[in-house]
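Following: one structure in structure tokens, then a few remarks.
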Amino acid sequence: MTKRTTPYNIKEKQDKNAPYRSLIRAELADELYEKILNIIVIQKRYRNKDFSAKELAKELNTNTRYISAVINSRFNTNFSCLINEYRVKEALHRMTDKRYLDMTIEEIGTLVGFANRQSFYASFYRVMNETPNGYRKRHLAAR
């Protein structure tokens, strides 16, 4: 039997049942959810390559366990995956926008908040199931 490997060492998501997730009050979870959406989506803080759950918790005067609980229950993912999904979504637009055609894939990855090429390619592949170069070529050829 051969072991199946995936590109970029992507691991299957495992469900975890952390007891602290049920300890957060619904009202507090709703409030944190709205604030998290504002910071990540509206303010586009995901563009900061150093943005962390610890920084988000400090800004919201809470702890990382509550941040984690809200992101897991409301977004059905973890902090890193959530941030990277928004980065990939923005990269998708920029990679096919004529204003950014002179930029390399790596420059776009940096622009949307990825710290390095490897993390950009791995996250992109995890979300889109194809490489950034493949995506860009396919969409530019369709024009």
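Going residue by residue through region 36-48, is there one that turns out to be more than 23 Å from residue 125 (Cα to Cα) and assigned to a loop (DSSP other than H, G, I, E, B)?
Looking for residues that are more than 23 Å from residue 125 (Cα to Cα) and assigned to a loop (DSSP other than H, G, I, E, B), one finds at least one in region 36-48, hence yes.
Quick check on my filter: what residues within region 95-137 are surrounded by fewer than 15 Cβ atoms within 10 Å (Cβ to Cβ), assigned to a loop (DSSP other than H, G, I, E, B) and either of a type in the set (S, T, N, Q) or in contact (Cβ under 8 Å) with a residue 40 or more places away in the chain (or both)?
Within region 95-137, 104, 115, 116, 129 qualify.
Per-residue answers, yes or no, for (1) aliphatic (A, V, I, L, M); (2) at pLDDT below 95:
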residue: 67; (1), (2): yes, no
residue: 90; (1), (2): no, no
residue: 105; (1), (2): yes, no
residue: 114; (1), (2): no, no
residue: 123; (1), (2): no, no
residue: 137; (1), (2): no, yes
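Is there any pair linking a residue in region 63-89 that is closer than 14 Å to residue 45 by Cα to one that is part of a helix (DSSP H, G or I) and not β-branched (Val, Ile, Thr), with Cβ under 6 Å and at least six apart or on different chains, and which?
Hits for this filter: 79/53; 82/75; 83/46; 84/123; 86/46; 87/46; 88/123; 88/124.
Aliphatic (A, V, I, L, M) and modelled with pLDDT of 95 or more, is that true of residue 29?
For residue 29, the condition - aliphatic (A, V, I, L, M) and modelled with pLDDT of 95 or more - is not met.
Can you tell me which residues in region 52-94 are outside any helix (DSSP H, G or I) and touching a helix residue (DSSP H, G or I) at 6+ places or on another chain (Cβ under 6 Å)?
Within region 52-94, 60, 63 meet the criteria.
The values are calculated or read from the model by the stated rules, or taken from the named source; none is laboratory data. Everything quoted here is computed from the prediction, not taken from an experiment. Positions of Cβ are backbone-derived with ideal geometry, glycine not excepted, and every protein chain shown enters the neighbour counts.
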